[in-house]
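Since the structure comes first, as structure tokens, the remarks are kept for the end.
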Amino acid sequence: MRATQAHINLDNLHENINIIKKYIKPSTKLCCAVKADGYGHGAVRVSVAALKAGASFLAVASISEGIELREAGIVAPILSLSLPLKDEIPSLIVHSITPLVFDTEFIDQLNEVAISMHRKIPVHLKIDTGMGRVGCSKEEAATLAKKIAFTEGLYLEGVCTHLACADSLLEDDIAYTKKQISNFSYAVEQIKKEGINPGILHCSNSGAIFLHPEAHFDMVRPGIVIYGYSSCAKEMGIELKPVMEFSSQIVAIKHFKKGDSVSYDRTWVAKEDCDIGVIPAGYADGLLRRLSPGLEVSINGRMYSIVGRICMDQCMVYLGKDYDVKRWDKVIFFGPEKNCNTAEDLANSIETISYEILCGVNKRVPRIYVDTDKNK
Ligand SMILES: *Cc1c(COP(=O)(O)O)cnc(C)c1O
């Protein structure tokens, strides 16, 4: 197997879900976001582990992501968070993937196909309360709910919204989230006034789980937090466990003379004689090129700097003269251990978010699972 690997610790995932459970009522359902191949962790294994840990719904971004789970034998309800194309509707119905709806045209199309397939399928009505993405306005919600209730092929299983800045502790952001929650409650009240049961109400992403308990309603939709990250959790002193360790190995150690340069564009030149380690991981593995200069990696518990440009498939680490590294030693880019970076550290260094670092770990990196539960 390749030196560059992602170790996925599903025990940590289970523990993160247990932490979430401490913040929600026992009756509140869990819908775990496993889109983008489980945020890079492998959607099928993550889904099985999440269901075992108590999730009752899964959320994906596309029909094909839902199909992957169905083909792996997963029978739990699957919500698809993005809108499918019209010609994907039959496949959505065949695989029992639950769509979000928020406009009459799509409701009509879905209904038509469902009837033609002799099915009555669940849908969740999505309200845009301030995210500025998919969803109907809070004023349209009741009319659409009524429309769904009168269709032959659909039934309203839930009503939901999505929060734009729920993980922020800034005063303005907290006020904005509260406004979104009140817009959501308004829409739900209007639906109820029409005599329609709105079903499962849900709007919390990871941030809202810890910061906005009034946003929990009937179900929460954690994503990043099950993988061990969440900016607000950290600030609140909640200790999550990163699930992924992204690592490689030193495959060669080379001696460089003063003036020798490393990698493309010669951005790094040795100021004195030194040793350099070669690591077979690059931006095509998800080690973003803009992480260098600046990126430090952990080898035998000590941090060393990546020098020169990160290439597509390889990068180089400065060892200097006095170092405790041998050929084949393990190199950790990020992971849950104390003496290495987290995905959040890498993200912060290049002004992005842990999500992008995790999703960016390429398919060609083998995932190796640690799952002691499975052996019990
Ligand atoms: C991705 C997503 C989530 C999960 O978000 P996190 O910030 O990772 O918790 C929840 N709801 C919707 C609609 C999403 O798209």
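The values are calculated or read from the model by the stated rules, or taken from the named source; none is laboratory data. Please read all numbers here as calculations on a predicted model, not as lab measurements. Heads up, the Cβs are rebuilt from the backbone with ideal geometry, glycines too, and the neighbour counts pull from every protein chain shown.
On inspection, residue 286 passes the criterion of being surrounded by 18 or more Cβ atoms within 10 Å (Cβ to Cβ) and touching a residue at least 60 places away in the same chain (Cβ under 8 Å).
Restricting attention to segment 212-237, the residues that are at pLDDT 95 or above and closer than 26 Å to residue 170 by Cβ add up to 16. The set of residues from segment 30-83 being assigned to a strand (DSSP E or B), free of Cβ contacts under 8 Å to residues at least 24 places away in the same chain and among the β-branched types (Val, Ile, Thr) comprises just one member, 78. Of the candidates 207, 199, the single residue that is farther than 30 Å from residue 299 by Cα, of a type in the set (Gly, Ala, Ser) and surrounded by fewer than 24 Cβ atoms within 10 Å (Cβ to Cβ) is 199.
Can residue 17 be described as away from the ligand (no atom under 13 Å from the Cβ) and part of a helix (DSSP H, G or I)?
No: the conditions fail for residue 17.
If I filter segment 142-173 down to residues being of a type in the set (Val, Ile, Thr) and within 16 Å of the ligand (Cβ to nearest atom), which single residue comes out as farthest from residue 111 (Cα to Cα)? Checked segment 142-173; the qualifying residue farthest from residue 111 (Cα to Cα) is 161.
Within segment 224-240, residues that are touching a residue at least 24 places away in the same chain (Cβ under 8 Å) and over 16 Å from residue 12 (Cα atoms) reach partners that are within 10 Å of the ligand (Cβ to nearest atom) and among the charged types (D, E, K, R) with beta carbons closer than 6 Å, at six or more positions or on different chains, in the pairs 231/167; 232/167.
I want to confirm something. Restricting to segment 203-253 and keeping residues that are of a type in the set (Val, Ile, Thr) and part of a helix (DSSP H, G or I), which single residue is nearest to the ligand (Cβ to nearest atom)?
224
Considering segment 78-97 alone, what residues qualify as being within 16 Å of the ligand (Cβ to nearest atom) and surrounded by fewer than 19 Cβ atoms within 10 Å (Cβ to Cβ)? 82, 83, listed by residue number. Against the conditions (1) charged (D, E, K, R); (2) in contact with a helix residue (DSSP H, G or I) (Cβ under 6 Å, 6 or more places away or on another chain); (3) part of a helix (DSSP H, G or I), residue 167 satisfies every one except (3). Consider segment 104-152 and keep the residues that are free of Cβ contacts under 8 Å to residues at least 24 places away in the same chain and assigned to a helix (DSSP H, G or I). The one that is nearest to residue 82 (Cα to Cα) is 106.
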